[in-house]
Amino acid sequence: MKPLVIGAFFIATLATAQAQQRVPDLKGTWSGKGKAVVLGANAHHPGTQRASDAARVREIAATHVVEGQDGRLAWGHSTSAAAGDTKDPFVWALTGDNRTIIGADSDGHFRITLTGRDRMDKCYVHNGLSPSGSIVAACYTMTRKR
């Protein structure tokens with residue numbers, strides 16, 4: 001009986017280790033719509049407002065194209081309906097849980113949770129030190145088209 005228990009434990013440990021090592025494929029086109037709170041204005045949230053003006057809540061539609069991936073590292077570009085075809089570059093890094101992504105673009109940061117093979121909850125922020133001087137925070141769901 002003891003060899004059977006030890007064998008079962010070994011198989012379970014091996015299966016867990018293999019599952020932890022599987023890095024999800026992030027490549028493809030991710031898109032979604034949501035709301036952002038904005039102080040000031042930038043290409044994705046145009047207007048004449050300054051960061052010292054009242055906050056405004058805006059709808060935003062964004063697309064992230066993950067062009068490349070090397071293990072836990074991914075890169076690509078972002079666009080939004082408001083900014084046209086700007087192709088803002090970004091880089092992402094997948095943490096050890098294979099669900100959490102942190103990343104950055106030219107003026108802000110991402111915190112993303114993969115909630116399915118083709119679904120993510122994306123949060124994005126940038127502070128007043130961004131080139132536009134605007135301040136932005138947004139979280140919403142994105143889906144991948146294959």
| said: Can you confirm whether L94 is out of contact with any Leu (no Cβ under 8 Å at 6 or more places or on another chain) and of a type in the set (A, V, I, L, M, F, W, C)? | reply: no
| remark: Residues in region 76-98 that are over 25 Å from G133 (Cα atoms) and either buried (at least 18 other Cβ atoms within 10 Å of the Cβ) or not hydrophobic (A, V, I, L, M, F, W, C) (or both) total 5
| message | Within region 40-57, take every residue that is modelled with pLDDT of 95 or more and not in a loop (DSSP other than H, G, I, E, B) and give me the one that is nearest to the chain's Cα centre (by Cα). | response | V57
| For residues in region 99-127 being in a loop (DSSP other than H, G, I, E, B) and at pLDDT 95 or above, which is surrounded by the fewest Cβ atoms within 10 Å (Cβ to Cβ)? | R117
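Got a sec? Which of T63, T48 is within 21 Å of F110 (Cβ to Cβ) and among the hydroxyl-bearing types (S, T, Y)? First the steps, then the outcome.
Details: T48 fails: within 21 Å of F110 (Cβ to Cβ).
Result: T63 is the single residue among T63, T48 that is within 21 Å of F110 (Cβ to Cβ) and among the hydroxyl-bearing types (S, T, Y).
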| In region 64-97, the residues that are over 20 Å from R146 (Cα atoms), polar (S, T, N, Q) and at pLDDT 95 or above | T95
| message | Can you tell me which residue is farthest from the chain's Cα centre (by Cα) among those in region 61-98 that are touching a residue at least 60 places away in the same chain (Cβ under 8 Å) and part of a loop (DSSP other than H, G, I, E, B)? | response | G96
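The values are calculated or read from the model by the stated rules, or taken from the named source; none is laboratory data. As the structure is a prediction and not an experimental result, all values here were calculated from the model. Cβ atoms come from the backbone with ideal geometry, glycine included; neighbour counts cover every protein chain shown.
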